[in-house]
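> What follows is a single structure, and I will ask about it in a moment.
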Amino acid sequence: MMRQTQLTIQGIRTPCLIGGKERTEAVLFLHGNPGSGNDWETFLPSLSDFTYVVAPDMPGFGRAEKPDNFNYSIDGYKNHTELLLDKLKIEKVHLVLHDFGGAWGLAWATEHPHRVASITLINVGLLRNYRWHFFARLWRMPVVGELVMRIPNRLIFRTGLKIGNPRGLPKPYIDELINNFDRETKRAVLRLYRATDVQKINKELVDRTISSLLPLDIDCLVIWGKHDVYVPSKYAAAQKEAFPNAEIIYFEDSGHWPFIDNPGRFNEVLVGFLKKVVSK
(Lines give C-alpha, C1' and ligand atoms only; values in the text may rest on other atoms or scores of the structure.)
Protein backbone atom coordinates (compact mmCIF):
# COMPACT_ATOMS: atom_id res chain seq x y z
CA MET A 1 0.00 0.00 0.00
CA MET A 2 1.27 3.46 -0.89
CA ARG A 3 0.30 6.58 1.01
CA GLN A 4 1.07 10.31 1.06
CA THR A 5 2.39 11.65 4.37
CA GLN A 6 3.13 15.20 5.41
CA LEU A 7 6.18 15.46 7.67
CA THR A 8 7.46 18.61 9.35
CA ILE A 9 11.26 18.72 9.44
CA GLN A 10 13.20 21.82 10.52
CA GLY A 11 9.80 23.51 10.52
CA ILE A 12 9.47 22.71 6.80
CA ARG A 13 6.50 20.82 5.40
CA THR A 14 8.04 17.82 3.65
CA PRO A 15 5.60 15.62 1.69
CA CYS A 16 6.60 11.96 1.44
CA LEU A 17 5.31 9.06 -0.56
CA ILE A 18 5.56 6.03 1.69
CA GLY A 19 4.90 2.39 0.95
CA GLY A 20 5.16 -0.91 2.75
CA LYS A 21 5.16 -1.86 6.40
CA GLU A 22 7.07 0.53 8.65
CA ARG A 23 10.41 -0.85 9.80
CA THR A 24 13.90 0.37 10.71
CA GLU A 25 15.28 -0.65 7.30
CA ALA A 26 14.02 1.30 4.31
CA VAL A 27 14.64 2.27 0.71
CA LEU A 28 15.07 6.05 0.47
CA PHE A 29 14.63 7.73 -2.92
CA LEU A 30 16.25 11.15 -3.34
CA HIS A 31 15.28 13.12 -6.44
CA GLY A 32 17.34 15.87 -8.04
CA ASN A 33 16.69 19.09 -9.92
CA PRO A 34 14.01 19.52 -11.12
CA GLY A 35 12.20 16.67 -9.46
CA SER A 36 10.08 15.50 -6.55
CA GLY A 37 9.11 12.38 -4.67
CA ASN A 38 6.53 11.75 -7.40
CA ASP A 39 9.42 10.86 -9.73
CA TRP A 40 9.38 7.43 -8.07
CA GLU A 41 5.64 6.86 -7.74
CA THR A 42 5.52 4.18 -10.44
CA PHE A 43 8.01 1.95 -8.61
CA LEU A 44 6.78 2.14 -5.03
CA PRO A 45 3.92 -0.40 -5.29
CA SER A 46 6.13 -3.27 -6.49
CA LEU A 47 8.76 -2.44 -3.85
CA SER A 48 6.16 -2.08 -1.11
CA ASP A 49 5.38 -5.78 -1.46
CA PHE A 50 8.66 -6.69 0.24
CA THR A 51 10.18 -3.58 1.84
CA TYR A 52 9.55 -0.14 3.36
CA VAL A 53 9.99 2.74 0.89
CA VAL A 54 10.18 6.51 1.36
CA ALA A 55 10.26 9.17 -1.37
CA PRO A 56 10.25 12.77 -0.06
CA ASP A 57 9.91 16.10 -1.80
CA MET A 58 13.04 17.89 -0.64
CA PRO A 59 12.85 21.57 0.44
CA GLY A 60 12.50 23.91 -2.51
CA PHE A 61 11.16 21.23 -4.84
CA GLY A 62 7.85 19.61 -5.71
CA ARG A 63 5.17 20.34 -3.16
CA ALA A 64 7.56 20.80 -0.25
CA GLU A 65 7.79 24.18 1.43
CA LYS A 66 10.40 26.46 -0.07
CA PRO A 67 11.45 28.84 2.73
CA ASP A 68 13.91 31.62 2.12
CA ASN A 69 15.92 30.70 5.22
CA PHE A 70 16.68 27.06 4.31
CA ASN A 71 20.34 26.19 3.66
CA TYR A 72 20.15 25.43 -0.08
CA SER A 73 23.49 23.63 -0.24
CA ILE A 74 24.69 20.03 -0.20
CA ASP A 75 25.26 20.31 3.55
CA GLY A 76 21.76 21.71 4.03
CA TYR A 77 20.15 18.82 2.18
CA LYS A 78 22.41 16.28 3.85
CA ASN A 79 21.25 17.54 7.25
CA HIS A 80 17.61 17.49 6.14
CA THR A 81 18.04 13.88 5.03
CA GLU A 82 19.42 12.92 8.44
CA LEU A 83 16.52 14.58 10.25
CA LEU A 84 14.01 12.90 7.93
CA LEU A 85 15.48 9.47 8.68
CA ASP A 86 15.45 10.23 12.40
CA LYS A 87 11.81 11.34 12.19
CA LEU A 88 10.86 8.04 10.57
CA LYS A 89 13.12 6.02 12.92
CA ILE A 90 14.99 4.49 10.00
CA GLU A 91 18.35 2.98 10.93
CA LYS A 92 19.50 1.08 7.81
CA VAL A 93 19.08 2.71 4.40
CA HIS A 94 19.07 1.53 0.82
CA LEU A 95 19.78 4.77 -1.06
CA VAL A 96 18.35 5.32 -4.55
CA LEU A 97 19.88 8.53 -5.87
CA HIS A 98 19.48 10.68 -8.97
CA ASP A 99 20.99 14.00 -10.06
CA PHE A 100 21.65 16.33 -7.08
CA GLY A 101 20.14 13.63 -4.88
CA GLY A 102 23.43 11.81 -5.52
CA ALA A 103 25.46 14.51 -3.80
CA TRP A 104 22.97 14.83 -0.95
CA GLY A 105 22.77 11.08 -0.39
CA LEU A 106 26.50 10.38 -0.70
CA ALA A 107 27.33 13.28 1.62
CA TRP A 108 25.03 11.69 4.20
CA ALA A 109 26.42 8.21 3.55
CA THR A 110 30.03 9.23 4.13
CA GLU A 111 29.09 10.41 7.62
CA HIS A 112 27.00 7.31 8.40
CA PRO A 113 28.68 4.48 6.47
CA HIS A 114 27.47 1.69 8.75
CA ARG A 115 23.85 2.72 8.22
CA VAL A 116 24.12 2.28 4.43
CA ALA A 117 22.64 -1.07 3.34
CA SER A 118 23.04 -0.52 -0.42
CA ILE A 119 23.30 2.28 -2.98
CA THR A 120 21.66 2.67 -6.37
CA LEU A 121 23.15 5.46 -8.49
CA ILE A 122 21.17 6.74 -11.46
CA ASN A 123 23.19 8.94 -13.83
CA VAL A 124 25.13 10.27 -10.85
CA GLY A 125 27.78 9.30 -8.31
CA LEU A 126 31.54 9.86 -8.16
CA LEU A 127 32.19 12.65 -10.66
CA ARG A 128 35.88 13.43 -10.41
CA ASN A 129 36.82 16.38 -12.68
CA TYR A 130 33.19 16.93 -13.64
CA ARG A 131 32.34 20.29 -15.21
CA TRP A 132 28.97 22.00 -15.07
CA HIS A 133 26.59 21.54 -17.97
CA PHE A 134 25.41 24.52 -20.00
CA PHE A 135 22.36 25.48 -17.92
CA ALA A 136 24.24 25.11 -14.65
CA ARG A 137 26.90 27.55 -15.85
CA LEU A 138 24.19 30.09 -16.67
CA TRP A 139 22.40 29.59 -13.32
CA ARG A 140 25.62 30.24 -11.42
CA MET A 141 26.10 33.63 -13.06
CA PRO A 142 24.64 36.62 -11.19
CA VAL A 143 21.89 38.42 -13.13
CA VAL A 144 22.21 36.00 -16.06
CA GLY A 145 20.77 33.20 -13.95
CA GLU A 146 17.81 35.33 -12.94
CA LEU A 147 17.18 36.25 -16.56
CA VAL A 148 17.25 32.62 -17.66
CA MET A 149 14.73 31.79 -14.94
CA ARG A 150 12.34 34.32 -16.46
CA ILE A 151 12.00 32.25 -19.64
CA PRO A 152 8.52 30.68 -19.56
CA ASN A 153 8.60 27.20 -18.03
CA ARG A 154 6.67 25.57 -20.84
CA LEU A 155 9.06 26.88 -23.49
CA ILE A 156 12.28 25.96 -21.69
CA PHE A 157 11.15 22.50 -20.57
CA ARG A 158 9.48 21.41 -23.79
CA THR A 159 12.41 22.66 -25.86
CA GLY A 160 15.28 21.74 -23.55
CA LEU A 161 14.09 18.23 -22.71
CA LYS A 162 14.09 17.23 -26.38
CA ILE A 163 17.90 17.32 -26.22
CA GLY A 164 19.56 14.12 -25.04
CA ASN A 165 16.31 12.20 -24.55
CA PRO A 166 15.84 10.12 -27.71
CA ARG A 167 12.93 8.15 -26.23
CA GLY A 168 11.23 11.36 -25.17
CA LEU A 169 9.72 12.09 -21.77
CA PRO A 170 5.99 11.59 -21.11
CA LYS A 171 3.80 14.69 -21.30
CA PRO A 172 2.36 14.19 -17.78
CA TYR A 173 5.88 14.16 -16.33
CA ILE A 174 6.88 17.32 -18.18
CA ASP A 175 3.63 19.00 -17.13
CA GLU A 176 4.39 18.19 -13.49
CA LEU A 177 7.90 19.65 -13.81
CA ILE A 178 6.40 22.80 -15.30
CA ASN A 179 3.77 23.14 -12.57
CA ASN A 180 6.27 22.63 -9.74
CA PHE A 181 8.92 24.97 -11.14
CA ASP A 182 7.56 28.10 -9.48
CA ARG A 183 9.36 31.25 -8.35
CA GLU A 184 10.47 29.69 -5.07
CA THR A 185 11.88 26.59 -6.78
CA LYS A 186 13.76 28.78 -9.23
CA ARG A 187 15.26 30.67 -6.27
CA ALA A 188 16.20 27.36 -4.64
CA VAL A 189 17.89 26.13 -7.83
CA LEU A 190 19.95 29.30 -8.20
CA ARG A 191 21.05 29.19 -4.58
CA LEU A 192 21.90 25.49 -4.72
CA TYR A 193 24.05 25.76 -7.83
CA ARG A 194 25.74 28.93 -6.62
CA ALA A 195 26.58 27.25 -3.30
CA THR A 196 28.24 24.33 -5.08
CA ASP A 197 31.83 24.62 -6.30
CA VAL A 198 31.50 21.53 -8.44
CA GLN A 199 35.17 20.61 -8.82
CA LYS A 200 35.99 21.21 -5.14
CA ILE A 201 32.85 19.45 -3.92
CA ASN A 202 33.31 16.46 -6.20
CA LYS A 203 36.97 15.96 -5.31
CA GLU A 204 36.13 16.07 -1.60
CA LEU A 205 33.06 13.86 -2.04
CA VAL A 206 34.95 11.30 -4.13
CA ASP A 207 37.77 11.14 -1.58
CA ARG A 208 35.36 10.85 1.38
CA THR A 209 33.24 8.24 -0.36
CA ILE A 210 36.24 6.08 -1.16
CA SER A 211 37.75 6.35 2.32
CA SER A 212 34.50 5.70 4.20
CA LEU A 213 32.53 3.32 1.96
CA LEU A 214 35.14 1.34 -0.01
CA PRO A 215 36.25 -0.71 3.03
CA LEU A 216 32.64 -1.83 3.60
CA ASP A 217 32.19 -3.29 0.08
CA ILE A 218 28.63 -1.97 -0.10
CA ASP A 219 26.25 -3.49 -2.64
CA CYS A 220 25.82 -1.00 -5.47
CA LEU A 221 23.75 -0.79 -8.63
CA VAL A 222 24.66 1.80 -11.27
CA ILE A 223 22.10 2.68 -13.96
CA TRP A 224 23.06 5.18 -16.66
CA GLY A 225 21.28 6.52 -19.71
CA LYS A 226 23.91 6.68 -22.43
CA HIS A 227 22.53 9.84 -24.06
CA ASP A 228 22.78 11.98 -20.91
CA VAL A 229 23.95 15.47 -21.91
CA TYR A 230 24.17 16.66 -18.29
CA VAL A 231 26.23 13.90 -16.68
CA PRO A 232 27.97 11.87 -19.40
CA SER A 233 27.90 8.08 -19.24
CA LYS A 234 31.71 7.94 -19.13
CA TYR A 235 31.35 8.42 -15.36
CA ALA A 236 29.46 5.16 -14.88
CA ALA A 237 32.59 2.98 -14.71
CA ALA A 238 34.20 5.40 -12.23
CA GLN A 239 31.77 4.23 -9.54
CA LYS A 240 33.92 1.13 -9.10
CA GLU A 241 36.50 3.30 -7.32
CA ALA A 242 34.29 3.15 -4.24
CA PHE A 243 32.09 0.16 -5.13
CA PRO A 244 34.37 -2.36 -6.87
CA ASN A 245 31.65 -4.98 -7.23
CA ALA A 246 29.05 -2.55 -8.54
CA GLU A 247 26.68 -3.83 -11.20
CA ILE A 248 26.66 -1.30 -14.05
CA ILE A 249 23.72 -1.28 -16.44
CA TYR A 250 23.49 1.11 -19.40
CA PHE A 251 20.19 2.15 -20.91
CA GLU A 252 21.34 2.53 -24.50
CA ASP A 253 18.51 4.77 -25.72
CA SER A 254 17.84 6.78 -22.55
CA GLY A 255 19.04 10.17 -21.38
CA HIS A 256 19.27 11.72 -17.91
CA TRP A 257 15.95 10.20 -16.73
CA PRO A 258 16.05 6.45 -17.56
CA PHE A 259 13.49 5.76 -14.83
CA ILE A 260 11.03 8.09 -16.57
CA ASP A 261 11.60 7.28 -20.24
CA ASN A 262 11.93 3.50 -19.71
CA PRO A 263 10.06 2.74 -16.47
CA GLY A 264 9.34 -0.90 -17.29
CA ARG A 265 12.98 -1.88 -17.66
CA PHE A 266 14.02 0.35 -14.76
CA ASN A 267 11.48 -1.28 -12.45
CA GLU A 268 12.67 -4.74 -13.43
CA VAL A 269 16.32 -3.89 -12.77
CA LEU A 270 15.74 -2.01 -9.51
CA VAL A 271 13.33 -4.54 -8.01
CA GLY A 272 15.66 -7.39 -8.95
CA PHE A 273 18.60 -5.70 -7.23
CA LEU A 274 16.71 -4.70 -4.07
CA LYS A 275 15.17 -8.14 -3.66
CA LYS A 276 18.71 -9.49 -3.40
CA VAL A 277 19.97 -6.97 -0.83
CA VAL A 278 16.99 -6.11 1.38
CA SER A 279 16.92 -8.01 4.68
CA LYS A 280 14.11 -10.52 4.91
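The values are calculated or read from the model by the stated rules, or taken from the named source; none is laboratory data. Since we're looking at a predicted model, the values are computed, not measured. In this analysis, Cβ positions are derived from the backbone assuming ideal geometry, glycine residues included, and neighbour counts consider all displayed protein chains. Just so you know, the surface numbers come from the protein's heavy atoms only, side chains and all, with ligands and any DNA or RNA stripped out. Shrake-Rupley method; radii C 1.70, N 1.55, O 1.52, S 1.80 Å.
> Beyond 16 Å, what share of the Cα-Cα pairs of segment 61-168 is found? Please give it as a whole percent.
On the way: 4121 of 5778 pairs.
I get 71 percent for the Cα pairs in segment 61-168 exceeding 16 Å.
> Where does each of 157-163, 254-260 land if you order them by average Cβ count within 10 Å, highest first? If you can, show how the numbers build up before the last one.
Working: 157-163: 14.4, 254-260: 25.6.
Packing proxy ranking, top to bottom: 254-260, 157-163.
> Compute the signed sum of charges (Lys and Arg +1, Asp and Glu -1) over the other residues within less than 10 Å, Cβ to Cβ, of Y173.
On the way: positive: K171; negative: D39, D175, E176, D261.
After counting each charged neighbour, the total is -3.
> Which value, in Å³ per residue, describes the convex hull spanned by the Cα atoms of the chain? The partial results should precede the final answer.
Details: hull volume 31.4 nm³, N = 280.
Here the figure is 112 Å³ per residue.
> Output ³J(HN,Hα) for segment 33-44: one whole-Hz value per residue in order, computed from phi by the Karplus curve 6.51 cos²θ - 1.76 cosθ + 1.60 with θ = phi - 60°, and x for Gly and Pro.
Once θ is set to phi - 60°, the couplings for segment 33-44 become 10, x, x, 6, x, 5, 3, 9, 4, 4, 9, 5 Hz.
> Also, quick follow-up: Obtain the radius of gyration and the Kirkwood radius of segment 128-280 from its C-alpha atoms and give Rg over Rh. List each step's numbers first, then the result.
Numbers: Rg = 17.6 Å, Rh = 17.6 Å.
Here the Rg-to-Rh quotient is 1.00.
> How much net charge surrounds S48 when only the other residues with a Cβ under 14 Å from the Cβ of S48 are counted, with Lys and Arg +1 and Asp and Glu -1? List each step's numbers first, then the result.
Numbers: positive: R3, K21, R23, K275; negative: E22, E25, E41, D49.
Local net charge: 0.
> Sticking with this one: Enter the accessible area of K171 (Å², nearest 10), with the probe set to 1.4 Å and all protein chains included.
Approximately 120 Å² for this residue.
> I'd like to know which of A246, T185, L205 lies farthest towards the positive end of the charge dipole of the chain, counting +1 on Cβ of Lys and Arg and -1 on Cβ of Asp and Glu.
Checking the options against the dipole of the chain, the answer is T185.
> Further question: Accessible area per residue, 1.4 Å probe, Å², for the chain: what's the number?
Value for the chain: 42 Å² per residue.
> Using the Kirkwood radius built from alpha carbon pairs, what does the Stokes-Einstein equation give as D for segment 130-192 at 25 °C and 0.890 mPa s, in µm² per second? Don't skip to the answer; put the middle values down first.
Numbers: Rh = 12.6 Å.
It comes out at roughly 194 µm²/s.
> Sum up the charges of everything whose Cβ sits under 12 Å from the Cβ of P67, counting Lys and Arg as +1 and Asp and Glu as -1, but leave P67 out. If you can, show how the numbers build up before the last one.
On the way: positive: R13, K66, R187, R191; negative: E65, D68, E184.
Charge balance near P67 sits at +1.
> Run the numbers on segment 145-266 and let me know its relative contact order in percent, using alpha-carbon pairs under 8 Å that are six or more apart.
Working: 123 pairs, mean separation 36.0, N = 122.
Taking the mean separation of contacting Cα pairs over the length of segment 145-266, I get 30 percent.
> Here is a follow-up. So what are the ³J(HN,Hα) numbers for segment 4-10, from phi and the Karplus equation (6.51, -1.76, 1.60; θ = phi - 60°), rounded to whole Hz, Gly and Pro as x?
Values, residue by residue: 9, 10, 9, 9, 10, 10, 6 Hz.
> Would you work out the charge dipole size for segment 154-280 about its Cα centre, treating the Cβ of every Lys and Arg as +1 and the Cβ of every Asp and Glu as -1, and quote it to the nearest 20 debye? Kindly include the intermediate steps, with their values, before the conclusion.
Details: 20 positive and 16 negative charges, 86 e Å.
Here the size comes out at about 420 debye.
> Which whole-number percent of Cα pairs in segment 1-82 have a distance greater than 21 Å?
25
> Continuing with the same structure: Is segment 205-280 best put as rounded, prolate or oblate by its Cα gyration tensor, with a ≥ b ≥ c the root eigenvalues, rounded for a/c under 1.5, and otherwise prolate when a/b is larger than b/c, oblate when not? Write down the numbers at each step before the final one.
On the way: a/c = 2.73, a/b = 1.23, b/c = 2.22.
Cα axes put segment 205-280 in the oblate bin.
> Computing the accessible area with a 1.4 Å probe over protein heavy atoms, can you report the carbon and sulfur percentage for segment 114-255? Don't jump to the answer; show the numbers that get you there.
Values: 4010 of 6940 Å².
Here it works out to 58 percent.
> Right, another one. About its Cα centre, how strong a charge dipole does the chain have in debye, to the nearest 20, once Lys and Arg get +1 and Asp and Glu get -1 at the Cβ? Present the calculation step by step, with values, prior to reporting the outcome.
Working: 36 positive and 31 negative charges, 108 e Å.
Dipole magnitude for the chain comes out near 520 debye.
> Can you work out ³J(HN,Hα) from phi for every residue in segment 49-57, in order, using Karplus 6.51 cos²θ - 1.76 cosθ + 1.60 and θ = phi - 60°, giving whole Hz and x for Gly and Pro?
Residue by residue, segment 49-57 yields 5, 9, 7, 9, 10, 9, 9, x, 8 Hz.
> Can you give me the long-range amide H partners of I248? Hydrogens built in the peptide plane at 1.01 Å from N, cutoff under 5 Å, separation of 5 or more residues or another chain.
The list, which skips near neighbours in sequence, is V222.
> Further, regarding this structure: Normalised by the number of residues in the chain, what is the relative contact order in percent for Cα pairs under 8 Å and 6+ residues apart?
Details: 519 pairs, mean separation 53.4, N = 280.
Over the chain, the number comes to 19 percent.
> State the antiparallel share, in %, of DSSP beta bridges confined to the chain, rounding to the nearest 5.
Values: 12 of 36 bridges.
So the antiparallel bridges amount to about 35 percent of the total.
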